[in-house]
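Each remark here refers to the structure printed beneath this line.
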Ligand code: PEP
Ligand code: MN
């Protein structure tokens with residue numbers, strides 16, 4: 001169902017002011033985790049002013065260690081909804097279990113499937129049963145074939161609003177957190193009508209590498225970006241090292257506009 005042979009024209013995912021696919025490039029920005037009302041409202045206004053149309057923020061966090069901050073849970077979702085009320089930004093947030101799909105659907109505009117859950121087939125089917133757009137992240141060790149088949153699990157339930165997200169894969173390399181393959185963008189565009197977004201924050205793990213990877217992803221023809229932005233990255237409760245300051249995010253958006261005009 002994801003194949004261009006079944007549907008040659010690009011799928012455009014659209015919710016509120018966030019449009020991704022076709023000729024639309026959407027930018028989703030915000031903190032890794034929702035941490036407080038002050039934090040999420042402040043950053044929501046800042047990313048909106050810089051041109052984002054989607055707000056990311058994790059309330060249920062899939063942390064490598066069970067002893068790390070696990071997210072604000074439903075309280076975090078309420079804060080995301082409040083930020084949407086104030087800014088109009090579309091809320092993108094991760095759902096980790098089929099049991100939470102209904103609850104998350106009351107708050108989210110886009111359901112994110114995290115990299116660790118790309119092959120959690122019951123979760124894919126559960127979000128497939130909703131009619132909310134789904135942002136499906138590539139598993140760090142998943143082939144493109146497995147990635148596309150994971151998308152099929154969602155599409156097969158009748159939910160056609162699927163966004164594919166390249167967020168880097170695990171290789172022998174250690175200078176970056178993951179290895180971010182940008183050839184995924186033109187390759188997937190040859191294979192599928194689904195939109196492709198790039199996550200250079202998780203893809204590199206290093207804030208200084210994020211702006212150039214954004215520019216490169218735009219040049220490669222991506223349909224959107226998802227970026228971690230924190231009002232004070234050094235104090236972030238998760239993923240501070242890869243989070244842009246609001247100022248750096250605004251500058252990155254300016255640079256991306258120039259690249260988009262040039263290509
Ligand atoms: C995230 O978006 O904060 C996240 C946990 O991403 P990933 O699933 O790609 O690791
Ligand atoms: Mn993160």
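Quick rundown of the values:
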{"read-out": "Positions within segment 58-81 being away from ligand 2 (no atom under 14 Å from the Cβ) and surrounded by 21 or more Cβ atoms within 10 Å (Cβ to Cβ), in sequence order", "value": "72, 77, 79, 80"}
{"read-out": "Qualifying residues in segment 44-57 (those that are surrounded by fewer than 23 Cβ atoms within 10 Å (Cβ to Cβ) and not in a loop (DSSP other than H, G, I, E, B)) - the one nearest to the chain's Cα centre (by Cα)", "value": "48"}
{"read-out": "Selection from segment 221-253 of residues that are surrounded by 18 or more Cβ atoms within 10 Å (Cβ to Cβ), assigned to a loop (DSSP other than H, G, I, E, B) and away from ligand 2 (no atom under 16 Å from the Cβ)", "value": "222, 223"}
{"read-out": "Yes/no for residue 210 being within 16 Å of ligand 2 (Cβ to nearest atom), crowded, with 20+ Cβ neighbours inside 10 Å and part of a strand (DSSP E or B)", "value": "no"}
{"read-out": "Residue selected from segment 138-156 under the condition within 16 Å of ligand 1 (Cβ to nearest atom) and part of a loop (DSSP other than H, G, I, E, B), by the criterion surrounded by the most Cβ atoms within 10 Å (Cβ to Cβ)", "value": "138"}
{"read-out": "Test: residue 256 is more than 16 Å from ligand 2 (Cβ to nearest atom), under 17 Å from residue 196 (Cα atoms), part of a helix (DSSP H, G or I) and modelled with pLDDT of 95 or more", "value": "yes"}
{"read-out": "Verdict on residue 194 being in contact (Cβ under 8 Å) with a residue 12 or more places away in the chain, crowded, with 22+ Cβ neighbours inside 10 Å and either part of a loop (DSSP other than H, G, I, E, B) or within 16 Å of ligand 2 (Cβ to nearest atom) (or both)", "value": "yes"}
{"read-out": "Single residue of 41, 80, 18 found to be touching a helix residue (DSSP H, G or I) at 6+ places or on another chain (Cβ under 8 Å), modelled with pLDDT of 95 or more and away from ligand 1 (no atom under 15 Å from the Cβ)", "value": "41"}
{"read-out": "Residue check, residue 217 within 16 Å of ligand 1 (Cβ to nearest atom), assigned to a helix (DSSP H, G or I), at pLDDT 95 or above and under 20 Å from residue 23 (Cα atoms)", "value": "yes"}
{"read-out": "Residue in segment 38-47 that is touching a residue at least 24 places away in the same chain (Cβ under 8 Å), under 16 Å from residue 107 (Cα atoms) and within 16 Å of ligand 2 (Cβ to nearest atom) present", "value": "yes"}
{"read-out": "Filter result (touching a strand residue (DSSP E or B) at 6+ places or on another chain (Cβ under 9 Å) and closer than 24 Å to residue 19 by Cβ) within segment 125-145", "value": "127, 128, 130, 132, 133, 134, 135, 136, 137, 138"}
{"read-out": "Residue list for segment 157-191, restricted to those being in contact (Cβ under 8 Å) with a residue 60 or more places away in the chain, surrounded by fewer than 23 Cβ atoms within 10 Å (Cβ to Cβ) and closer than 21 Å to residue 110 by Cα", "value": "160"}
{"read-out": "Residues of segment 92-110 satisfying the condition of being more than 16 Å from ligand 2 (Cβ to nearest atom) and free of Cβ contacts under 8 Å to residues at least 60 places away in the same chain", "value": "97, 98, 99, 100, 101, 102, 103, 104, 105, 106, 107, 108"}
{"read-out": "So residue 203, is it more than 20 Å from residue 53 (Cβ to Cβ), at pLDDT 95 or above, within 15 Å of ligand 2 (Cβ to nearest atom) and buried (at least 19 other Cβ atoms within 10 Å of the Cβ)", "value": "yes"}
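Table: residues versus (1) part of a loop (DSSP other than H, G, I, E, B); (2) within 19 Å of the chain's Cα centre (by Cα).
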| residue | (1), (2) |
| --- | --- |
| 5 | yes, no |
| 14 | no, yes |
| 27 | no, yes |
| 35 | yes, yes |
| 42 | no, no |
| 78 | no, no |
| 84 | no, yes |
| 103 | no, no |
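The values are calculated or read from the model by the stated rules, or taken from the named source; none is laboratory data. Remember, predicted model here, so these are calculated numbers, not experimental data. Cβ atoms come from the backbone with ideal geometry, glycine included; neighbour counts cover every protein chain shown.
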